[in-house]
Amino acid sequence: LAFTSSRIMISNILNQKLLWLLPCAGLLVGNASGFVTVGRQSMKVVPPTLSSTSAPDDTSVSNSLEGVADFEEWFSSNSSSGTQVNNIRHALFNSMGRGLQFTSTKSSDLSKVAVVPRKLVLHVPYSDEEDSSSGFSWDANLSCKLWEECQKGKASTYYGYCSLLTRGANLQPGTTAYSSTAPDALRHWTPTQKSSLERSEKGKKLLEVESKQQEEWRQKYDSLGASEREKMTFDNFQWAMEAVHSRAFRGDFGALDGGEGGPLRKIASLLLPLSALAFGIIYASDPSMEKYYVPLAIAAASPVALTIIADQKGSKEAVMLPLIDSANHLQEADSVIEYDPSVDGFVLSLGRKCLVKEADGAGERAQVCISYGIRKDSELLLNYGFLRGVTMEGLKINEGDESRDVLRQRLADEFINRNP
């Protein structure tokens, strides 16, 4: 990690779309690896262009945007909790499928395009160790929570987010199988499609990594308690793990309660108002405060000391950020995701490099992208199902199509060309 006075550069880790956020002077700010701060001059945004020859067909739009209306209704209904969405919306793009569209042309509107309050964020303590205090790994823990919320239907606090992930299937009683959140991730390829990767040594190695990942996920499922396994099959667990590994962020969140440092931060947050109250009471009775100077100084310094100790111990959390995680990947995107304790929520701001203009039958639109950091082709293909520069342009396929032969052949050919 590269430290600056006000920002902490982020390093994403293998197999997860994970974001580092560390405490800094009361405001936790995250910049993805390679990000630069872009000025907010008042000028027209002119994004780079991605040309497509035709608009998405009606069937593709209908299938790909399923669950979006429920999500938007849910998100707006939580405005009293602090949700904000400014100048962005879900849309379908021929180049990358479903994503976020920037609806303004002013660079002044790039700041704080989304605010997601913590109460709408699924999160679990993160540990670098394989097993957490709950008895199983952080990703299995988060996957179990996600599946449980999806199965609650509209009774879930997160029902709108679950609707976005399941394309509305979570709101259909009795549904126990959901569409993939990463339909072209390598685990979904047929044996024939995978055989195209055997033309290179790196392709063969990637297939071995995918096989090992499947074995590890099976072991994690088998290690769950009987009550957890009764709630979901291995296929259900795999769906949730895929969503977690392609959408979750990891960070040190000073205002959250996970990890070893969490309890210390709780104590510090309680001591701060108490010390201020004590100061006011004593000052009212003895303005000179000569007799109480030392104990008051200790009381005032205690929250700061506890916070410093908590920072050393850490309070790592893995989180899933509704709306923010709908943005597609662009390595050079200069987005900023930050946890702001003053609003108790996560804030997304954009730079001009986050916008990619796409021209198709629907007109010219600017797609919002964020960076997952510098990712290897093998990582992208394994967990996300895409490669830089390979688009869906010209393909009429739906998210639920099982074969997707043409797109996966494109991905395999490009991977072989780059990784002989």
**Asked** Taking SER163, is it open to solvent by less than 30 Å² (accessible area, probe 1.4 Å) and modelled with pLDDT of 95 or more?
**Response** yes
**Fill in**
Note on PHE253: of the conditions (1) modelled with pLDDT of 95 or more; (2) more than 16 Å from TRP147 (Cβ to Cβ), unmet is (1)
**Looking only at region 335-346, and only at residues there that are farther than 16 Å from LEU110 by Cα and either of a type in the set (A, V, I, L, M) or in contact with a Phe, Trp or Tyr (Cβ under 6 Å, 6 or more places away or on another chain) (or both), the one that is most open to solvent (accessible area, probe 1.4 Å)** = VAL343
**Item:** Evaluation of THR175 against (1) among the β-branched types (Val, Ile, Thr); (2) out of contact with any Gly (no Cβ under 7 Å at 6 or more places or on another chain); (3) open to solvent by less than 10 Å² (accessible area, probe 1.4 Å) (one fails), failing number
**Value:** (3)
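Per-residue answers, yes or no, for (1) under 16 Å from VAL124 (Cβ atoms); (2) touching a helix residue (DSSP H, G or I) at 6+ places or on another chain (Cβ under 9 Å); (3) at pLDDT below 95:
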position	(1), (2), (3)
LEU206	no, yes, no
LYS212	no, no, no
SER227	no, no, yes
PHE234	no, yes, no
PHE249	yes, yes, yes
**Asked** Hey, among the residues in region 91-134 that are open to solvent by less than 10 Å² (accessible area, probe 1.4 Å), assigned to a loop (DSSP other than H, G, I, E, B) and modelled with pLDDT of 90 or more, which one's farthest from GLU364 (Cα to Cα)?
**Response** VAL121
**Message:** Looking at the structure I just gave you, is LEU350 touching a helix residue (DSSP H, G or I) at 6+ places or on another chain (Cβ under 7 Å) and on the phi > 0 side of the Ramachandran plot?
**Reply:** no
**Message:** Need the failing condition index for GLU332 against (1) assigned to a strand (DSSP E or B); (2) under 18 Å from the mean Cα position of the chain (by Cα); (3) surrounded by fewer than 19 Cβ atoms within 10 Å (Cβ to Cβ), just the number.
**Reply:** (1)
**Complete:** Counted residues in region 343-383 being within 16 Å of HIS90 (Cα to Cα), assigned to a loop (DSSP other than H, G, I, E, B) and among the basic types (Lys, Arg) come to 0
**Message:** Testing THR181 on (1) of a type in the set (Ser, Thr, Tyr); (2) within 30 Å of ASN78 (Cα to Cα); (3) part of a helix (DSSP H, G or I), one condition comes back false. Which one is that?
**Reply:** (3)
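The values are calculated or read from the model by the stated rules, or taken from the named source; none is laboratory data. In this text, all values refer to a predicted model and were calculated from it rather than measured experimentally. Cβ coordinates were reconstructed from backbone atoms using ideal geometry, including for glycine residues, and neighbour counts include every protein chain displayed. Side chains are part of the model used for accessible areas, which takes the heavy atoms of the whole protein and leaves out ligands, DNA and RNA. Shrake-Rupley method; radii C 1.70, N 1.55, O 1.52, S 1.80 Å.
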